[in-house]
Structures are given as C-alpha cells and as structure tokens.
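Here is the structure we will look at, set down as structure tokens.
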Amino acid sequence: MKYVHVGVNVTNLEASIAFYQKVFGLVPVKVKEGYAKFLLENPGLNFTLNVRDQVEGNQVNHFGFQVETAEEILTHKERLEKEGFFAREEMDTTCCYAVQDKFWVTDPDGNEWEFFYTKADSEVQKIESTSCCKTSTESKVNSCC
C-alpha cells in the first residue's frame, strides 16, 4: 500500500485549502471546481476535499497524526500556532490505553485533528479529567485515538 485515502466534505473550498496547507505544510497537487487533493509522502496520505452545499454533524470522530518523538509534538504545535491556530493541548494525559502528549486543531467545518506522541501503554482507557476519548451522545460509545 502506498497511501491511505481520506475524503472530507467541506462547505468552503478556499478556507479549507488554506487550513490544510498550513496543517500539512504543503500545497494541494490538484485543485478543480469543488475539489482539492493533497498527497503527503510521510505519512502516505491521499487527502481530498469535496465541496458540498451543507455538512451536517460530525461524520467522523477525529483525524490524527502519530509522531515519533515528544519533541515533534512541540515543533508541530509551535508551527501551527505561528500560523494562527489555537491548539488545545493535552500533555501527559491518559487516553486510549496510553499515556500521551497531544494537541488538537479544528478545520473550518469543525473536523478535529489530533497530533499525538504515545509515551507508554496504560491499563486504563482514560483518566476522567481528560477529553481525549469522546462519547457519542447517540450511541453512548467511546471513540478514541
């Protein structure tokens, strides 16, 4: 396999392109009416934006990038804050049966992106004070990283 493919519905192509150019640190390889495509080599990701008149509800829980070192978390966080994003930080948190350092940014349509580094495994899913694992109000099911 060369790429994982993720297609996201968006309501404003220009705003979404601007957001993802900053998050990914590169420009799209293709932009057409109602469509944009980014190709990331590391990690291998074919990521497309598809314009819809309306996007209702969160069709996914969240997206994320797992990095290899704790230093990478701070590097990405600082880079994105310089781009003007608010990064919701969760350092040394227990979530998804792991101890992690992470932060979150949100795209123009409300999709959350998590950047995380896993420090160690944990015997518990989460510490109650963390917000990492979200519970769907409809299904009452926890969904995590």
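Quick notes on this one:
- Tabulated pairs, the range 64-85, first closer than 25 Å to Ala120 by Cβ, second among the charged types (D, E, K, R), C-beta under 6 angstrom, 6+ apart or interchain: Gly64/Glu114; Ala70/Asp101; Ile73/Asp101
- When Ile17, Ile73 are checked against the criterion of being under 15 Å from the mean Cα position of the chain (by Cα) and not assigned by TED's automatic domain parsing to the domain that holds Tyr117, a single residue qualifies: Ile17.
- All told, Leu49 meets the bar of being touching a residue at least 24 places away in the same chain (Cβ under 8 Å) and either loosely packed, with under 14 Cβ neighbours inside 10 Å or touching a Gly at 6+ places or on another chain (Cβ under 9 Å) (or both).
- Test: residue in the range 18-32 that is of a type in the set (D, E, K, R) and assigned to a helix (DSSP H, G or I): yes
- So Leu80, is it out of contact with any Leu (no Cβ under 7 Å at 6 or more places or on another chain), within 22 Å of Val10 (Cβ to Cβ), not in a strand (DSSP E or B) and not assigned by TED's automatic domain parsing to the domain that holds Tyr20: yes
The values are calculated or read from the model by the stated rules, or taken from the named source; none is laboratory data. Treat the numbers as computed from the prediction; the structure is a model and nothing was measured. When we count neighbours, we look across all protein chains shown, and the Cβ atoms used for this are built from the backbone with ideal geometry, even at glycine.
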